Amino acid sequence: MNLAEQRAYWLDTMLKIGTPVLTALADRELAKRLPSDWNPGRSRFAPLEAFARLACGMAPWLELEGLAGEEERLRERYAGMMLGAVEAAVDPDSPDRMDFATEGQPLVDAAFLAHALLRAPRRLAGALNAGVKMNLIAALKMTRRTVPGTSNWLCFSAMVEATLGLLGDPDYDRLRVAYAIRSFEAWYKGDGAYGDGPDFHWDYYNSFVIHPMLVDLVRQSDDYAELRPAILRRARRYAGILERMISPEGAYPIVGRSVTYRFGAFQLLSQAALQHFLPSELQPAQVRCALTAVIRRVMQAPGNFDEDGWLRPGVYGWQPGLAEPYINTGSLYLCAAVFLPLGLPPEDPFWSAPDAPWTAKIIASGGDLAADHALQE
């Protein structure tokens, strides 16, 4: 694929994944259409999961200014659909009014929706009309009844509160933000990795949740300016580790919880590209080519989608045995987090620089590189 074709492939793939969700919300029929035959005990949470996780990945593209032609027409159309989806999700009279009130899971996905608004402060958060904003603030506040445990869930509580502040709510709770950030300072294990609570876990939650939310939380407020350099330095190192996990063929280790989020495992690497904090030894084009290989390898597997275009659990196709009991159809849409670099304009080096081999491909082909070293704090 040439450079234009690569960006088009990323965009087409993101829209293939997301269009069924947003089309159903436009008709206020997401709760009706979203498949619930698989893990039906979690179906009450599935609409918010699908919508919020998709929004979290699409938001930087929706926020992008300066596009032209067909891509800009698509961006404008989908931005309108996303605003309509927010309205459908929080309108008390909507048949697609989503569950923010139950203790537990709704806090998680309220946070992913909040992160989307933080990533698109002009085109999403800033474009909400007064009534929708009021309903959204009320919905987000409902999640306060959930007391997060000593784990990545502290990030969810903090993200909700930070976004309430973005939306202009004077009642947002700065203590919940501070508590999360300070807790993860205590849980840092070294070499770019945090514990998920006091214990270290071999999984992708440093990329699914912890690093992406911590980075954006400390960027959002000057209250944590003294912590930004260390938090960013650790995120940069972990992004570099993620790049090294991508094999020459575009495969990656299937380890730990929630692997059915597929290439959402690379959210942090995508965010590092979007926000220009990749490790100095990585060129943006290397990351583009590596992530393109990952996306293509996953998407080429038969069985990723049902006959109506909804995601099915697995990594390479239909693999329900890989899914934990908390996974439902809506959960799978965190895969959209890989598409964050679509928030960069086509002229950015991520999209405009010539193809380049990534680390594993260089080494596997006999190329020489400097030895890798741990991050020293």
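Per-structure values
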item	result
Options 3, 11; residue that is at pLDDT below 95 and within 26 Å of residue 349 (Cβ to Cβ)	3
Some residue of region 144-152 being surrounded by 18 or more Cβ atoms within 10 Å (Cβ to Cβ) and touching a strand residue (DSSP E or B) at 6+ places or on another chain (Cβ under 9 Å)	yes
Residues being more than 14 Å from residue 143 (Cβ to Cβ) and in contact with a Cys (Cβ under 9 Å, 6 or more places away or on another chain) - total across region 89-120	2
Whichever residue in region 7-38 is surrounded by fewer than 20 Cβ atoms within 10 Å (Cβ to Cβ) and among the polar types (S, T, N, Q) and, among such residues, is nearest to residue 260 (Cα to Cα)	36
Given (1) in a loop (DSSP other than H, G, I, E, B); (2) in contact (Cβ under 8 Å) with a residue 24 or more places away in the chain, index of the condition residue 147 fails	(2)
Filter result (without any contact (Cβ under 8 Å) to a residue 40 or more places away in the chain and loosely packed, with under 15 Cβ neighbours inside 10 Å) within region 167-178	168, 170, 171, 175
Those residues of region 118-128 which are farther than 12 Å from residue 79 by Cα and either surrounded by 21 or more Cβ atoms within 10 Å (Cβ to Cβ) or hydrophobic (A, V, I, L, M, F, W, C) (or both), in sequence order	118, 119
Sole exception among (1) more than 19 Å from residue 45 (Cβ to Cβ); (2) touching a Leu at 6+ places or on another chain (Cβ under 8 Å); (3) at pLDDT 95 or above for residue 130, by number	(2)
Test: residue 132 is over 18 Å from the mean Cα position of the chain (by Cα), surrounded by fewer than 24 Cβ atoms within 10 Å (Cβ to Cβ), of a type in the set (Val, Ile, Thr) and in a loop (DSSP other than H, G, I, E, B)	no
Matching entry among 53, 97, 75 (being in contact with a Leu (Cβ under 9 Å, 6 or more places away or on another chain), closer than 30 Å to residue 161 by Cβ and free of Cβ contacts under 8 Å to residues at least 24 places away in the same chain)	75
Residue among 27, 109, 12, 37 that is without any contact (Cβ under 8 Å) to a residue 24 or more places away in the chain and under 18 Å from the mean Cα position of the chain (by Cα)	12
Count of region 272-294 residues which are surrounded by 24 or more Cβ atoms within 10 Å (Cβ to Cβ) and either under 14 Å from residue 57 (Cβ atoms) or free of Cβ contacts under 8 Å to residues at least 12 places away in the same chain (or both)	2
Qualifying residue in region 208-222 (condition: under 29 Å from residue 320 (Cβ atoms) and of a type in the set (Phe, Trp, Tyr))	yes
Yes/no for residue 257 being under 19 Å from residue 61 (Cβ atoms) and among the charged types (D, E, K, R)	no
Odd one out for residue 59, checked against (1) over 25 Å from residue 140 (Cα atoms); (2) in contact with a helix residue (DSSP H, G or I) (Cβ under 8 Å, 6 or more places away or on another chain); (3) of a type in the set (A, V, I, L, M, F, W, C); (4) assigned to a helix (DSSP H, G or I)	(1)
Neighbours by Cβ (under 8 Å, 6+ apart or cross-chain): first from region 192-217, on the phi > 0 side of the Ramachandran plot and surrounded by fewer than 24 Cβ atoms within 10 Å (Cβ to Cβ); second not in a loop (DSSP other than H, G, I, E, B) and not small (Gly, Ala, Ser)	192/206; 192/234; 192/236; 192/237; 192/238; 192/241
Subset of region 218-242 that is within 12 Å of residue 266 (Cα to Cα) and out of contact with any helix residue (DSSP H, G or I) (no Cβ under 6 Å at 6 or more places or on another chain) - its residue that is surrounded by the fewest Cβ atoms within 10 Å (Cβ to Cβ)	241
Given (1) under 26 Å from residue 279 (Cβ atoms); (2) among the acidic types (Asp, Glu); (3) assigned to a loop (DSSP other than H, G, I, E, B), index of the condition residue 199 fails	(1)
Residue among 99, 93, 109 that alone is within 29 Å of residue 152 (Cα to Cα) and outside any helix (DSSP H, G or I)	99
Checking residue 331 against (1) assigned to a helix (DSSP H, G or I); (2) surrounded by fewer than 24 Cβ atoms within 10 Å (Cβ to Cβ), the condition it does not meet	(2)
Check on residue 297, surrounded by 14 or more Cβ atoms within 10 Å (Cβ to Cβ), basic (Lys, Arg) and in contact with a strand residue (DSSP E or B) (Cβ under 9 Å, 6 or more places away or on another chain)	no
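The values are calculated or read from the model by the stated rules, or taken from the named source; none is laboratory data. Not measured: the values here are computed from a predicted model. Glycine also receives a Cβ, built like all others from the backbone with ideal geometry; neighbour counts cover every protein chain displayed.
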